[in-house]
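A.B. asks: Submitted below is the structure of interest, expressed as structure tokens.
The values are calculated or read from the model by the stated rules, or taken from the named source; none is laboratory data. This one's a predicted model, so the numbers in the text were calculated from it and none came from an experiment. Note that each Cβ is placed from the backbone with ideal geometry, even for glycine, and that neighbours are counted across all protein chains shown. The protein model used for the area step is the full one, side chains on, heavy atoms only, and it has no ligands, DNA or RNA in it. Shrake-Rupley method; radii C 1.70, N 1.55, O 1.52, S 1.80 Å.
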Amino acid sequence: MDALLRLFSLIPGWDQNVPAWASVTLAGLVAAGLCLGFMSLGPVGYVYVERKIAGFMQDRLGPMRVGPWGLLQTIADTIKLLFKEAIFPAAVHKVMFVVAPCLVVTGAFMGFAVLPFSPTWQAADLDVGAFYVIAIGSLSTVGLIMAGWASNNKYALFGAMRSAAQIVSYEIPAVMSLIVVVMIAGSLSLQAIVGEQAGGLHNWFLWKFFPLNVIAFLVFFTATLAECNRTPFDIPEAESELVAGFHTEYSGFFFAMFFLAEYTEMFVASAMAAVLFLGGFAAPIPALQTVGGFDIGPVWLIAKAWALVFVHMWLRWTLPRLRVDQLMHVAWKVLLPISLFLIVVVGGLLTWPATANGFPWDRWVGWLLSALLFVYLATTAARAWRWHARQVREAVA
């Protein structure tokens, strides 16, 4: 918004002839148009990249027929979905059936409103920006439940109920890990959180109180996988069990809207992880923050978000789907206790006077704790391997 207002002010006579409210309104419309364009065109590229990644990991080529190297395949699929007939089964609730995908897309789109792409490129710098993203993300859950119920299909309803239970469960550890960052930054403003990480790679919150914030990042990233219904947490749309889950009865453009929302939420969640732990639009080396006198903060944020989106795609073709009981076990008995532990320990360190006086946590305690954690994980893995080998031997015998 601020950057657009500055661009408008460079036009001769703009400030004298155009009222302030008109400038703000126009800047808001332009910002919304840019976000909407990025949201609409981004998934086209994400789908192509994911299909290529899947092909590479499965030792095949992926889409190759439409355009060079299959670059136009996703565009062709998009055009097909736009012009394909939307079928309404006889028993659906038509109003809610249509409103549901719109609500899901709206919840995904509104997260862009507070993402800080640079100190000036941000639609709205809310004092509670981090809280806003978490709150508005829940709007998509309402749309999924509405879609499952309005479809009047048992598979769609099962998928919607699974999605609601999953998102409600995993939002708690996500918020808990976010609180860790908020306590360190002392603010819910995303601009303030990024500002605290300026100055280079070593200032990123990922390394603060090492390795505690690394664990918080992993908890947050795992929770975002579940909130985006990505593998291994894709039970709401498990094809082998529920046909397609909550969007079983959808076709044409409405079907495409669900995928648009999923990939948009994936980008927003990855961008939030980058803002909270990876410095946001801050460059890892301060000298790389500007090129030719221009701030390339948006490039850095998008690059970090895309790197995490790649991990989302990578995991989809690497990990198997969890069962419902396993999914709930991970949320309530693994991630939640870890996130509560992190809040208590990080909060205690922040209020401990020795921390303010330069106690060398990151230099000594962090590395010692990391070594102990590595030994514990290695021991646990070895114990699990021995148990698995014993089970195999018993099964063969």
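A.B. asks: Look at Gly137 and say whether it is over 23 Å from Phe88 (Cβ atoms) and small (Gly, Ala, Ser).
C.D. replies: On the way: over 23 Å from Phe88 (Cβ atoms): yes; small (Gly, Ala, Ser): yes.
So Gly137 fits the description; yes.
A.B. asks: Is it fair to say Ala261 is under 29 Å from Gly148 (Cβ atoms), at pLDDT 85 or above and not β-branched (Val, Ile, Thr)?
C.D. replies: Yes.
A.B. asks: So, one more: So, in the stretch 212-224, of the ones that are of a type in the set (A, V, I, L, M) and open to solvent by 10 Å² or more (accessible area, probe 1.4 Å), which residue ends up nearest to Ala305 (Cα to Cα)?
C.D. replies: Ranking the qualifying residues of the stretch 212-224, first place goes to Leu218.
A.B. asks: Shifting gears a bit: Looking at Val194, is it open to solvent by 30 Å² or more (accessible area, probe 1.4 Å) and either touching a residue at least 24 places away in the same chain (Cβ under 8 Å) or not β-branched (Val, Ile, Thr) (or both)? Can you show your working first?
C.D. replies: On the way: open to solvent by 30 Å² or more (accessible area, probe 1.4 Å): no; either touching a residue at least 24 places away in the same chain (Cβ under 8 Å) or not β-branched (Val, Ile, Thr) (or both): yes.
When the stated conditions are applied, Val194 does not pass them.
A.B. asks: Taking the conditions exactly as written (out of contact with any His (no Cβ under 8 Å at 6 or more places or on another chain), modelled with pLDDT of 85 or more and acidic (Asp, Glu)), does Glu239 satisfy them or not?
C.D. replies: In short, no.
A.B. asks: If you don't mind, there's one more thing I want to ask. With a cut-off of at least 3 residues that are among the hydroxyl-bearing types (Ser, Thr, Tyr), name the helices (runs of 4 or more DSSP H) lying wholly within the stretch 70-165.
C.D. replies: Per the criteria, no element qualifies.
A.B. asks: Related question: Picking from Ala256, Ala305, Ala283, which residue would you name as being more than 23 Å from Val168 (Cβ to Cβ) and not in a helix (DSSP H, G or I)?
C.D. replies: Criteria check complete, one pass: Ala283.
A.B. asks: Considering only the stretch 113-123, state which residues are crowded, with 21+ Cβ neighbours inside 10 Å and either at pLDDT 85 or above or at positive phi (or both).
C.D. replies: Hits for the stretch 113-123 are Val114, Leu115, Pro116, Phe117, Ser118.
A.B. asks: Is it true that some residue in the stretch 49-66 is open to solvent by 80 Å² or more (accessible area, probe 1.4 Å), within 21 Å of the chain's Cα centre (by Cα) and not aliphatic (A, V, I, L, M)?
C.D. replies: Yes - at least one qualifying residue is present in the stretch 49-66.
A.B. asks: Next up: I need every pair where a residue in the stretch 103-130 that is within 24 Å of Ile184 (Cβ to Cβ) has its Cβ under 7 Å from the Cβ of a residue that is aromatic (Phe, Trp, Tyr), sequence separation at least 6 or different chains.
C.D. replies: Short answer, once both residue conditions are applied: Val114/Tyr132; Pro116/Phe281; Phe117/Phe281; Ser118/Phe281; Leu126/Tyr132.
A.B. asks: A further question on this structure: Considering every residue within the stretch 229-239, establish whether at least one is of a type in the set (Asp, Glu), under 17 Å from Tyr170 (Cβ atoms), open to solvent by 10 Å² or more (accessible area, probe 1.4 Å) and outside any helix (DSSP H, G or I).
C.D. replies: Checked the stretch 229-239: at least one residue is of a type in the set (Asp, Glu), under 17 Å from Tyr170 (Cβ atoms), open to solvent by 10 Å² or more (accessible area, probe 1.4 Å) and outside any helix (DSSP H, G or I).
A.B. asks: Take the residues in the stretch 187-216 that are assigned to a loop (DSSP other than H, G, I, E, B) and polar (S, T, N, Q); name whichever of them is farthest from Gly111 (Cα to Cα).
C.D. replies: Restricting to residues being assigned to a loop (DSSP other than H, G, I, E, B) and polar (S, T, N, Q), the top hit is Gln197.
A.B. asks: I would also like to ask the following. If Glu249 satisfies every condition in (1) modelled with pLDDT under 90; (2) open to solvent by less than 20 Å² (accessible area, probe 1.4 Å) but one, which is the exception?
C.D. replies: (2)
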